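All of the numbers you see were taken from the coordinates with simple rules; none came from a lab. Being a predicted model, the structure only gives us computed values, none of them experimental. Methodologically, a virtual Cβ is constructed for each residue, glycine included, from the backbone with ideal geometry; neighbour enumeration extends over all protein chains shown.
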Amino acid sequence: MEDLQQIRPCAGEFPATQGRGKEKRLQEYTESQQLRERMDRIRHKIMVLSGKGGVGKSTVAVNMAVALALEGKRVGILDLDFHGPSIPKLLKLEDRRPRTDGHSLLPIEFAYGIKVMSMGFLLPDEKSAVIWRGPVKMGAIKQLLSEVAWGELDYLIIDFPPGTGDEALSAAQLLPESDGAVIVTTPQDLSLTDVRKSLDFCRQVKMKVLGVIENMSGLVCPHCQGVIDVFKRGGGETMAQEAGVPFLGRIPIDPLIVEASDKGTPFIYHHNTTEAAKAFSKAILPILNLEEDKPMGTTPVVDEKASQNTSRIAVPVAGGLLCAHFGHCETFALIDVDHDLNVILKREDIPPPPHEPGLLPRWLQEKGANMIIAGGMGSRAKGLFDEQGIQVVVGASPADPETIVNAYLAGTLMTGENVCDH
């Protein structure tokens, strides 16, 4: 992960006297905010899971992504199979290496506008083994989600290793509002038993199951085009019905899929008239029918360690200093603070909305403010802030907003009379 470590957000901009503990918390907070900002630009996050290996999950993920791209969607693929990354091989990208722009890792651009990132790109060669424990995997997943410059996407297809281990759990924790999972199985009982564990995993982490795909559902004879049920047939559909989740379709075994996969040429594009290609296209219909007007910027990203005891303080500003009356300010300084460390984490200055009676308390609550520090405020306005759950501190003197907030955190903020009482 040397490439990723080089682009970690720098904690050196904060005072060195805060100590290692504070620097770590500040870095965690910065990473959490960066993760939120990246994911806010991706409308749909789709996880592709399987209960066991060898069911063609990565092949399904690649062809789903290409099918979505052929529908005009902006698509990315994230390969989280650290121990056996298949996506570079399936897309003939084994020799590619991602670049950085000094701040972010740039995904590999594939045909049809698809953006690709895989652990396989970051290893010395395809023979290199990754031997990591769970916490290291979670850190790597967080980096791949937050430090890759995905840009704006309609869909991010996330290809997981088989099973319900650290990788799937970490992504479920980091992206609690993903659209859900597509689960891949083969028809035989052994595969179905393991896939039921994937369904139970989704239930336990409260992840929606978008549907089940039954892969390798019959062999298409290359000579007569007849179908031979090598691994039985219909087990995936029956299981989906029993579990009460959608069944997305059967993908038959087709020698052309194997040939296309080995060549790194997506099957669904080059053989779009085959029954298997038609099955892939049908399987993505429920994904295409996901709420198209789902707005970007609605992805809650959970990072429990980074979000402990933090809040957002609003300070009305005019001429660079605290404004005597909050309703007459030019901008609001929204300052995120950590009360355990008594430090400022982030500042954002935004102009207030056009004046409208009673609007500012609602607007600041929507912006996530928990407190406002002002020079003065009338009793009616204070009541409206109370209704929005925003604590009010009045009587502060004009000064730089960060100086005021640092004084508040240190318990040295001097407040006088409320300069406004209307």
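Close amide H contacts of residue 251 (hydrogens built in the peptide plane, cut-off under 5 Å, sequence separation of 5 or more or a different chain): 214, 215, 216, 217. With R₀ fixed at 45 Å, the C-beta to C-beta distance from residue 242 to residue 350 puts the FRET efficiency at about 0.30.
Exceedance of the 32 Å cut-off in Cα-Cα distance is limited, within the set 208/263; 45/346; 197/346; 142/278, to 208/263; 197/346; 142/278. Computed about the Cα centre, the dipole magnitude for segment 309-410 is approximately 220 debye when only Lys and Arg (+1) and Asp and Glu (-1) carry charge, each at its Cβ. First check a/c for segment 356-422, with a ≥ b ≥ c the square roots of the eigenvalues of its C-alpha gyration tensor; if it is under 1.5, answer rounded, and if not, answer prolate when a/b is larger than b/c or oblate otherwise. Because a/c hits 1.5 or more and a/b fails to exceed b/c, segment 356-422 counts as oblate. The mean sequence distance of close C-alpha pairs (under 8 Å, at least 6 residues apart), as a share of the length of segment 309-410, puts its relative contact order at 32 percent. For segment 57-130, averaging the sequence separation of C-alpha pairs within contact (under 8 Å, six or more residues apart) and dividing by the residue count gives a relative contact order of 35 percent.
Residues 217, 379, ranked from the fewest to the most other C-beta atoms within 10 Å, line up as 379, 217. Note on residue 221 and residue 270: the model spin-label points, each 7 Å out from Cα along the C-beta direction, lie 2.6 nm apart.
Each residue of segment 246-251 was assigned a 3J(HN,Hα) from its phi angle through the Karplus expression (A = 6.51, B = -1.76, C = 1.60, θ = phi - 60°), giving x, 9, 8, x, 10, 10 Hz with x at Gly and Pro. Counting neighbouring beta carbons within 10 Å and listing from fewest to most, the residues 403, 331, 273 come out as 273, 403, 331.
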